[in-house]
Protein chains: 2
Amino acid sequence: MLFSKNSHHEKFLAGHYTRQPGIRLQLLLLVIVAFFYFHPAAAAEELSSIGLNLMPWPVKDEISGGQFRLTENFYLGGEAKPGHRVFKAGARFMSRLFGRTGLLFEQDYLAAQEINDRTKFFYHFDQPGQLLPGEDESYRLEIYPEKIELTARTDLGLLRGFETLLQLLSSDQQGYFFPCLRIEDFPRFTWRGLLIDSSRHFMPVDVIKRNLLAMSAVKLNVLHWHLSDDQGFRVESKVFPRLHQLGSDGWYYSQEEIKDIIQLASELGIRIVPEFDLPGHSTSWFVAYPEYASAPGPYQIERKFGVLLPVFNPAQEKTYKFLDRFLKEMTALFPDPYFHLGGDEVDPKQWKENPEIQKFMKKNNIPDEPALQAYFNRRLLKILGKYQKKMVGWDEIYQPGLPQDVVIQSWRGQQALVEAVRKGYQCLLSNGYYIDLMGSAEKHYLNDPIPPDSPLTDQEKKLVLGGEATMWAELVSPETVDSRIWPRTAAIAERLWSPAEIRDVNEMYRRLKVINLRLEENGVNHLKNQPMMLRRLAQSEQIKSLEVLAAVSEPIKGYSRHSQGKLYSSLSPLTRFVDACYSESFEARDFKRLVENFIRSRDLRQAKIIETWLELWQVNHQKLVSAESSPAIKEIIPLSEMLRTVSQAGLEALHLIMNGKQADQSWLQAKYKVLEEARKPVAECQLAILPDIELLLGSLKK
Amino acid sequence: MLFSKNSHHEKFLAGHYTRQPGIRLQLLLLVIVAFFYFHPAAAAEELSSIGLNLMPWPVKDEISGGQFRLTENFYLGGEAKPGHRVFKAGARFMSRLFGRTGLLFEQDYLAAQEINDRTKFFYHFDQPGQLLPGEDESYRLEIYPEKIELTARTDLGLLRGFETLLQLLSSDQQGYFFPCLRIEDFPRFTWRGLLIDSSRHFMPVDVIKRNLLAMSAVKLNVLHWHLSDDQGFRVESKVFPRLHQLGSDGWYYSQEEIKDIIQLASELGIRIVPEFDLPGHSTSWFVAYPEYASAPGPYQIERKFGVLLPVFNPAQEKTYKFLDRFLKEMTALFPDPYFHLGGDEVDPKQWKENPEIQKFMKKNNIPDEPALQAYFNRRLLKILGKYQKKMVGWDEIYQPGLPQDVVIQSWRGQQALVEAVRKGYQCLLSNGYYIDLMGSAEKHYLNDPIPPDSPLTDQEKKLVLGGEATMWAELVSPETVDSRIWPRTAAIAERLWSPAEIRDVNEMYRRLKVINLRLEENGVNHLKNQPMMLRRLAQSEQIKSLEVLAAVSEPIKGYSRHSQGKLYSSLSPLTRFVDACYSESFEARDFKRLVENFIRSRDLRQAKIIETWLELWQVNHQKLVSAESSPAIKEIIPLSEMLRTVSQAGLEALHLIMNGKQADQSWLQAKYKVLEEARKPVAECQLAILPDIELLLGSLKK
């Protein structure tokens, strides 16, 4: 009956819209796209087991059975007074419970949080926490049917516990509840960071604030803020105002804004470690002050990306005088005892070509340019010491003669970290946490600052403070940055907080999907910007077929977007399809599990789900080309076509398997060729399901 | 074939998921929901004529034929230097063109915008514009195949022209272009405002900024910023810091932030008129300073809404001394020559009950409380005058004896405006532009500050400066406010800019739908927050059935949400289904047009589209109840059921009409009863399609 009805539609509409071929095609496809609505992901979802949706997973949890039922007479109470970090955290906690449940609680939690007869949720801490590495962040959470108790040594521990409790909110037909349990929890590493690069693309205050909120939701505690680079100097300097006036295109943080952000971070138990990258990555400084560069100016704010030539002149005293005055101002602005001075990727060309510098090196017995950088670092270290700061720098700062009270952040590899630790340096791992490389959450999750096979002694291991995800911003904008950070950084947060043994990837993904939705509560727009971006591309509300394609497409990995024909600059639009795609396709991952299960089990019911999925992708192309006429979509037409082709190959393979048939060798070769072809990037995207189709083909051969 | 395939699916899946009734129901519905994907809105859309998507519509447009093709070597050029208002506007213009098209333009528009050989788009203005009422905002835009010229008397005119040009961007198979034409344009009213209430719910800086950007996109030029009320005092006062410290729960704008916002507004050609509501609506002041109230304290920040008792004491000199010092500070902070002092909704109770005040009135021959308010206003007017500000106030400030250099903002009705104008006052219309009442764009659009039948003389009409949409914030949060302001305020913007004769409602809605999408480019989240809110309600990504219901549901109108059983306070969550619904259902409007056309034409093709739509709504309920188990959804189950019931009634009526049959009288009565029943609000929502179903029934009777 449905079928005949649609045919009917088709006829009368075809007559009506003869001049609009798009509509006719749409109608021809109507029958097939029936599949769309029953999305196969929904079914796969139901297959997974139900567990607590905690991330990071706590050290110890004992479920005691029973529930604490949440009602509108829920009152929280503790020792915090208005204005205190915990009071504000309590208010945010209540507000988020409000928001998620729609309940109108009775308590005016903004006015008072004292303990009284009505208190159901008790929080208690012994002392204010210091925002320092090594500070106690432990907490104990006990949920009973009639009350909830959260206890911590420091108020920082309470903040972590509030987030755990929020993650425990559950519901059933009767309403909302918390499951009764007892959790004891503390972090494995004391330095759990996220780097945000505000230089390559300026990230306005609200980007920083919402990401701080999201960080605190997964217990991260360090924002490493990359504030200067070739493409922009982003901090107001009152001592050298021309730095931000000439070096930022007007996009910088005022000192008031920085204080405001530091205040919020402190309320969330997050340290802010600023980075001013020196002596390289410094073009934007020289727009105002070419006299501190190693080659004569004039300089302009750099638009291109990469390792560029401009570098500070370490051979003249006035450089250090300038940096001393500058660092005096900035070390006062940023209260954290650690201060990051970059130190990475120095191109020695300007040093080599400047005779004054070469003269200086000879005079001072500085044998080569790395040694010159070490000299520069020693000078800066002295300055930082004067202002009571500990220096942090990238791998390259490690050179013979570098004092040991420096923290080395390893971006080049685990081996670099091991070497630095063995030399007695405190270290942070960032290699393997480069989220701008568009890798999978799995890859980051399994990357451990101290892997099971670490050659370090127990004593040495103590020098590994933790790690940092790095959101380098060459190809992210304020619009897309959230979707590059989240949800993958939540998996990194678990690696840095939870016991090393917690490393079940499937279980991580199960929880990550829930956390992914929950993160929206903190204002990050990692999910909600994709449809907006697709609407803008299509200049239409009708984006279903684009969404289907986007769900199985990923930006190409590594830094290969830079070698696909477009020369990106900091002015380039990051509004294309590739920018709208998530860095990791969860749908492809679900599909892969299905295929793997099917190949193992040969269960025809699973084959049917796989078939539905493949059919969905197969028919999408015709829908997309008939619906989308926007020029901005043009570049992905071949990607869409590729999805059709590989899905067709997958379907044929599946049908052979289902029917117990063998594949013809030439047929098989042709299909492999299709896959080979499909591996070529299109519009800087790749289909995430190619390995899964290959699995199907591979299983056929056997 | 499809049908049999699905039956197949259904069987094997039904077996697989016997313990999951949700899945079975989903599959049973699969066939029916085939309709969903081919959304009937898509067809209706195509019925409309294609025209320029300009809003506000310009005074004069002549399409000359031909196109200016947009390519990557598009350069803009004019006399603006970096830092200038127009330079920044040019940069934003280019960035938005980038973003929409994905093109990588060659020009480094951040470095320079000088005119040279490559310039394709020329802008020119004679003089900087003053941000004052009456300033010239006219512009002329000429698009030729080989170049574009934008000319204006002032830079403000250029800003308006940039927006027009952006609205003209079009595309075809070959790419992007601007249609060749000549536009001459200027505003009908000089005061085109939006009030944002930051007191009832605090609106963080980014809310204000993104809405300023959206305002400029539709040529609004006044942000009326309601900064204090019973529920919060939102501005940092350095003279009386306890005002914001005790009166804001910590949610206030620092003076730096206010300056930053004023700066952005100025760059956008938008004036900021602050409002401190006096002498009523002032509880939050008295938390810190009870001594200026008319009744003894202590006072607390008010959480409830309404006309409350606390009011300034106008009978003591110290009140005026305090307000003088306060206004001295604030008039310096806000550069606009106009300053709003509220003056609305004073409850005279505290004045009547305070013997000192009564004594003062007798002594000074003040006959009654309105006269006392007039006295208060005269005193404040004097203070404002001292600081070179003109006073603006609500209707109530008009009392005999009020000097004429005051602007009266009419919220109580057109008649109040006419009366004030006839008394010689400059006036603003807000009555009819109360967007918090959840009315239709149509209603606001047809509401004219000087309606065709205005009794005013031409001379008097000059006193009507314009109007303001008012976004009162009792029931909006930073999360929902954009969706309450937009897109309806764009229709108001057209009323205030375009010639009075432009009032074709269907044509307005055609353009409004396009503008609605385009507004997202300015960062407003009026569209992208709905799915996020539905995901949070459902605690799931699967929100299709909720979206179908939301698309035809509207929050109940007027202030009736306050009388539905929930006592709203400023702490209440605004995260429920009613908050996620748009204030106006475009889908119901499209459907209405379909039904009207069908009733007129009895065209069976239209009947078929109507049928598809009704079937979609009819089946949605079963899908919703099987998919959604979140407690937060519970309250809308009856609404969803109601949609099924009325759609069923509509379907039955439609089938009778299609088959040329008469309706049985008792059947008809039963259906009317269904509609009557459906008019009762559910969860503070109403179905927007009820009048359309009634149309169908009504047409049957005849």
*Taking the Cα centre of chain A as origin, sum charge times position over the Cβ atoms of Lys and Arg (+1) and Asp and Glu (-1), and report the length of that vector in debye to the nearest 20.*
1020 debye
*For helix A:205-217, what angle does its Cα long axis make with the longest principal axis of chain A, in degrees from 0 to 90 and rounded to 10?*
80 degrees
*May I ask you to list the residues of the range B:650-686 whose amide nitrogen lies under 15 Å from a point 7 Å from Cα along the Cα→beta-carbon direction of B:Glu635?*
B:681-686
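Express in nm, to one decimal, how much length is gained between A:Glu345 and A:His84 on full extension, taking 0.36 nm for each residue of separation and deducting their alpha carbon distance.
89.7 nm is the gain from fully extending A:Glu345 to A:His84.
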*Roughly what % of DSSP beta bridges within the protein assembly as shown run antiparallel, to the nearest 5?*
40 percent
*asked:* Could you derive backbone 3J(HN,Hα) for the range A:528-535 from the dihedral phi with the Karplus parameters 6.51, -1.76 and 1.60 (θ = phi - 60°), listing whole Hz in sequence and x where the residue is Gly or Pro?
replied: 6, 7, 4, x, 4, 5, 5, 4
*When the convex hull of its Cα atoms is projected in every direction, mean area for the range B:191-504 (nm²)*: 15.1 nm²
*What ratio of Cα Rg to 2.2 N^0.38 Å holds for the range B:204-290?*
1.14
*For B:Glu468, list long-range residues whose amide hydrogen, built 1.01 Å from N in the peptide plane, is under 5 Å from its own amide hydrogen.*
B:Gly193, B:Leu429, B:Ser430
*Choose one of A:Gly269, A:Gln415, A:Ile143: the residue whose Cα lies farthest towards the positive end of the charge dipole of chain A (beta-carbon charges +1 Lys, Arg; -1 Asp, Glu; about the Cα centre).*
A:Gln415
*Per-selection Rg to Rh, the protein assembly as shown - Cα, Kirkwood hydrodynamic radius*: 0.96
_Using a Förster radius of 45 Å, what is the FRET efficiency between B:Asp453 and A:Glu62 based on their Cβ-Cβ separation? Nearest 0.05, please._
0.05
*Place a +1 charge on the Cβ of each Lys and Arg in the range A:60-185 and a -1 charge on the Cβ of each Asp and Glu, then give the dipole magnitude about the Cα centre in debye, rounded to the nearest 20.*
300 debye
_How would A:His526, A:His124 line up from fewest to most surrounding beta-carbon atoms within 10 angstrom?_
A:His124, A:His526
*Give the residue from A:Gln130, B:Leu496, A:Gln669 lying farthest towards the positive end of the charge dipole for the protein assembly as shown; charges sit on Cβ (+1 for Lys and Arg, -1 for Asp and Glu) and the dipole is referred to the Cα centre.*
A:Gln669
*Kindly work out what percent of the DSSP beta bridges joining two residues of chain A are antiparallel, to the nearest 5.*
40 percent
*Total charge dipole magnitude, the range B:191-504, about the Cα centre, Cβ charges on Lys, Arg, Asp, Glu only, Debye to nearest 20*: 900 debye
*Note the angle between two axes, namely the Cα long axis of helix A:586-601 and the longest principal axis of the Cα atoms of chain A, as a number of degrees from 0 to 90, rounded to the nearest 10.*
60 degrees
*Tell me, what is the FRET efficiency for A:Ser569 and A:Asp368 to the nearest 0.05, using R0 = 25 angstrom and their Cβ-Cβ distance as r?*
0.15
*Return one number: the angle in degrees, 0 to 90 and rounded to the nearest 10, between the long axis of the Cα atoms of helix B:255-267 and the longest principal axis of the Cα atoms of chain B.*
70 degrees
*When the Karplus curve 6.51 cos²θ - 1.76 cosθ + 1.60 is applied with θ = phi - 60°, which whole-Hz ³J(HN,Hα) does each residue of the range B:609-626 get, with x for Gly and Pro?*
5, 4, 4, 4, 4, 4, 5, 4, 5, 5, 7, 5, 4, 4, 4, 5, 5, 7
*asked:* Just to confirm the filter: which trypsin sites (Lys or Arg not before Pro) across the range A:118-184 are DSSP coil and have at most 14 other Cβ within 10 angstrom of their Cβ?
replied: A:Arg118, A:Lys147
*Work from the charge dipole of the protein assembly as shown (Cβ charges, +1 for Lys and Arg, -1 for Asp and Glu, about the Cα centre) and give the residue of A:Asn529, A:Val625, B:Gly401 farthest towards its positive end.*
A:Val625
*Exposure proxy ranking, count of Cβ atoms within 10 Å, fewest first, for B:Asp395, A:Asp504*: A:Asp504, B:Asp395
*Excluding A:Gln564 itself, what net charge comes from residues whose Cβ is under 13 Å from its Cβ, given Lys and Arg +1 and Asp and Glu -1?*
+3
*Mean residue ellipticity at 222 nm from the helices of chain B, using -39,500 (n - 2.57) per DSSP H segment of n ≥ 4 over the full residue count, to the nearest 500 deg cm²/dmol?*
-13500 deg cm²/dmol
*Neighbour-limited loop hits for trypsin sites (Lys or Arg not before Pro), the range B:448-540 (at most 14 other Cβ within 10 Å; DSSP other than H, G, I, E, B)*: B:Lys462
*Could you give me the ³J(HN,Hα) list for the range A:51-63, computed from phi with Karplus coefficients 6.51, -1.76, 1.60 and θ = phi - 60°, whole Hz, x at Gly and Pro?*
x, 5, 9, 9, 7, x, 5, x, 5, 9, 9, 10, 7
*In this model, which of B:Lys443/B:Lys608; A:Lys423/A:Lys462; B:Lys88/B:Lys528; A:Lys634/A:Lys673; A:Lys318/A:Lys382; B:Lys209/B:Lys390 are farther than 19 Å apart at the alpha-carbon?*
B:Lys443/B:Lys608; B:Lys88/B:Lys528; A:Lys634/A:Lys673; B:Lys209/B:Lys390
*Nonlocal amide H pairs with B:Lys390, under 5 Å, H built at 1.01 Å*: B:Tyr338, B:Phe339
*Separation of the range A:232-253 and the range A:440-513 by C-alpha centroid, Å?*
33 Å
*Quick one: length gained pulling B:Asn116 to B:Glu596 fully straight, 0.36 nm per residue minus the C-alpha distance?*
167.2 nm
*Give me the distance between the Cα centres of the range B:291-330 and the range B:72-115, rounded to whole Å.*
49 Å
*Relative contact order (percent) for chain B, with alpha-carbon contacts under 8 angstrom and 6 or more residues of separation?*
12 percent
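Bear in mind these aren't lab numbers, they're just calculated from the coordinates by the rules spelled out. A quick note: this is a predicted structure, and the numbers were derived from the prediction, not measured. A quick note on method: Cβ atoms are made from the backbone with ideal geometry, for glycine too, and the neighbour counts reach across all protein chains shown.
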